[in-house]
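Quick notes on the structure that follows.
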Amino acid sequence: MQGNIEGMPLVRSFAACLLLVPATIVAADQPLRYSALLTSGKRIESEHLRNWHVTGAVPHLGSSSLLDPANPFRWLLVRNRRQGAEPAAYVEFTNGDRLPGIVVDHHGGDSEAKPTEPAHLTVRVSVAFEPPYNKPQPQVRVLPHYVKRIVWQRRGATAYQPGTVFYRDGRSFAFRAARYKQRGVALLLTNGEREIDFEEIAELHLPAVEPWAAWFDQLTVLCPAADSRLLHIETTNGLVTTASVTRFAARFEGNSADPQRWVHGLAPAWTLDALWVPFRDIMTYDSCARNEVPLSRIVPREVSHRGRSEEHT
């Protein structure tokens, strides 16, 4: 379903019997491994995804280019991969991205060791990244103004409650603003300020931001050129991240023809570090032009339901 907001388009077992069946027939009944949708609306499927192992290469699904400027892909699905359980601890961002891991500390922008490094939160990640030269990446630096929610100890399927802190002992209270300390946070209340250590907090839900402002803030970083395309991935281990084709890199280990050996690097707006994600962990890719906005990224201001009788009056 597509619409338009403020001039911007929105994109929305019988084992014994099986032994008697020829192998070619059994294989024909299985869905092909990769499925994709092109911008033109054409659906393509194939067992073979090629040429996405080096930076600047044009990937092909079967014989179709996925980055043809005239007809690029909308989404790509790897059918034999499934989403895992929601991470026990993670950081959620204003654009809907999610980084599994635990926030361990905060570093200000006036550090003597790195005076030019922006203020950031350090996240001890719980997913495996594979940077070049086998360099370990146990931590990722996150820019605080992109953060929507921090979960140290997940409390179940809890809806986002802007400006609310939840203690590990079950208490909670509302706040107006937050200021990070090295290993804690100072919260501005209606009647003063309260400091809390990270170790005391189960979840910290930051005050809501205007969704269109957050979207354009991200866009200026990821897609400075008019022909840029956003690139969004979701993985089997809970990582959800958005970068762009211009902030994407690729490499491989071993056999370049085997996608299982590929590693895709993405540079989201919310981090100071590139995220080198093994292709074997990626379930889906989504892509759209810089002037298109996925419906899921904009929180509606109002939701109304009409009954059948109202629709015909």
Rank 234, 195, 45 by accessible area, highest first, at a 1.4 Å probe radius?
195, 45, 234
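Report, to the nearest whole %, how much of the accessible area of region 156-259 belongs to carbon and sulfur atoms, 1.4 Å probe, protein only. Could you put the intermediate results ahead of the total?
Numbers: 2540 of 5030 Å².
That share works out to 51 percent.
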I'd like to know how region 113-184 sits against the 2.2 N^0.38 Å rule of thumb: what's its Cα Rg over that expected value?
1.39
Semi-axes of the equivalent ellipsoid for region 166-259, Cα gyration tensor, largest first, Å:
38, 20, 11
Taking just the C-alpha trace of region 134-290, give me its Rg and Dmax in Å.
18.5, 62
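The values are calculated or read from the model by the stated rules, or taken from the named source; none is laboratory data. Since the model is a prediction, treat every value here as computed from it, not as a measurement. Accessible surface areas use protein heavy atoms only, side chains included; no ligands, DNA or RNA. Shrake-Rupley method; radii C 1.70, N 1.55, O 1.52, S 1.80 Å.
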